Amino acid sequence: MSDIIKDSIKTIPDYPKPGIQFRDVTSLMQNPVAFSATIDRFAAQYQNSGITAIVGTEARGFIFGAPLAYKMNVPFIPVRKPGKLPRDVISQAYVLEYGEDILELHTDALSADDKVLMVDDLLATGGTIEATTKLIRKLGAHVEDACFVVNLPELGGEKRLTNLSVNSFYLTEFEGE
Ligand SMILES: O=P(O)(O)OC[C@H]1O[C@H](OP(=O)(O)OP(=O)(O)O)[C@H](O)[C@@H]1O
Ligand SMILES: Nc1ncnc2[nH]cnc12
């Protein structure tokens, strides 16, 4: 069956390293019908969910998180790579499918009253979203859910989120392709 979201995502073999099948959402963003369908499907999933803030992780989490926050009329909170946020921050180290890094969040961005939806383009090993979950919880806020355009089930991120007691939602999956 044709799926406008999955069909609009290109796969680039051996990028950025040999053995990685890179699922490229820039081709989805180039297609306005696919891009708006993506944001509309996330918004439909979370309408009436009581979400008070959306957290998106640099860089591709910004691309989907900011329009969703606009559509849901809630704040958009960026989680950024080190040294990019100007006020007081908390930090969290993490490991990726092809490297390692640190993520940061402004200390005044969230409070204990917040019910947070995390948004990213893709779930692979789950390292990025686990680090983002830890940052949000360090501020005392509640992680309500995580949503992704793409899940790569073979890389184990979904299991990692289950272990963290975080519900997850995906628009499409690539498995053995
Ligand atoms: O589940 P994981 O194994 O953590 O991988 C998924 C993360 O990797 C990619 O970001 P990347 O760190 O490549 O940065 P970018 O968004 O700046 O391209 C992607 O946008 C996710 O955030
Ligand atoms: N295979 C992959 N494709 C696109 N982005 C990614 N981020 C981590 N793994 C990825």
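Just so it is clear, none of the values below were taken in a lab; they were calculated from the coordinates. Model, not experiment: these values are computed from the prediction. Cβ: placed from backbone, ideal geometry, glycine included. Neighbour counts: every protein chain shown.
For the reader, a short list of remarks on this structure follows.
- Shape of the stretch 113-166, Cα gyration tensor, a/c cut at 1.5: prolate
- Leu117 sits among other residues whose Cβ lies under 13 Å from its own Cβ, and their net charge, with Lys and Arg +1 and Asp and Glu -1, is -2.
- Members of Lys17/Lys138; Lys71/Lys115; Lys10/Lys134; Lys115/Lys159; Lys10/Lys138 lying beyond 26 Å, as alpha-carbon distances in this model show: Lys17/Lys138; Lys10/Lys134; Lys10/Lys138
- Helix 32-46 vs. the chain, principal-axis angle (Cα, 0 to 90°, nearest 10): 50
- 3J(HN,Hα) couplings calculated from phi for the stretch 2-19 with the Karplus curve 6.51 cos²θ - 1.76 cosθ + 1.60 (θ = phi - 60°) are, in sequence order, 6, 9, 4, 6, 4, 5, 8, 9, 8, 10, 10, x, 6, 10, x, 9, x, x Hz; Gly and Pro show x.
- Couplings for the stretch 72-87, taken from phi via the Karplus curve 6.51 cos²θ - 1.76 cosθ + 1.60 with θ = phi - 60°, read 8, 6, 10, x, 9, 10, x, 9, 10, 5, x, x, 9, 9, x, 9 Hz in order; Gly and Pro are left as x.
- Peptides ranked, highest mean first, by Cβ atoms within 10 Å: ranges 55-62, 24-31: 55-62, 24-31
- Prolate/oblate/rounded label for the stretch 72-134 (Cα gyration tensor, a/c 1.5): oblate
- Descending semi-axes in Å of the stretch 1-88, equivalent ellipsoid built from Cα gyration tensor: 25, 21, 9
- Of Val143, Leu122, Pro153, farthest towards positive along the dipole that unit charges on Lys, Arg, Asp, Glu beta carbons give the stretch 117-156: Val143
- The chain shape via C-alpha gyration tensor axes, a/c threshold 1.5: oblate
- Counting DSSP beta bridges with both ends in the stretch 87-151, the antiparallel % (nearest 5): 50
- In this rough spin-label picture, where each label sits 7 Å from Cα along the Cβ direction, the Asp88-Lys71 distance is 3.6 nm.
- Rounded to whole Hz, the Karplus (6.51, -1.76, 1.60) HN-Hα couplings of the stretch 131-140, x for glycine and proline: 5, 5, 4, 5, 4, 5, 5, 4, 8, x
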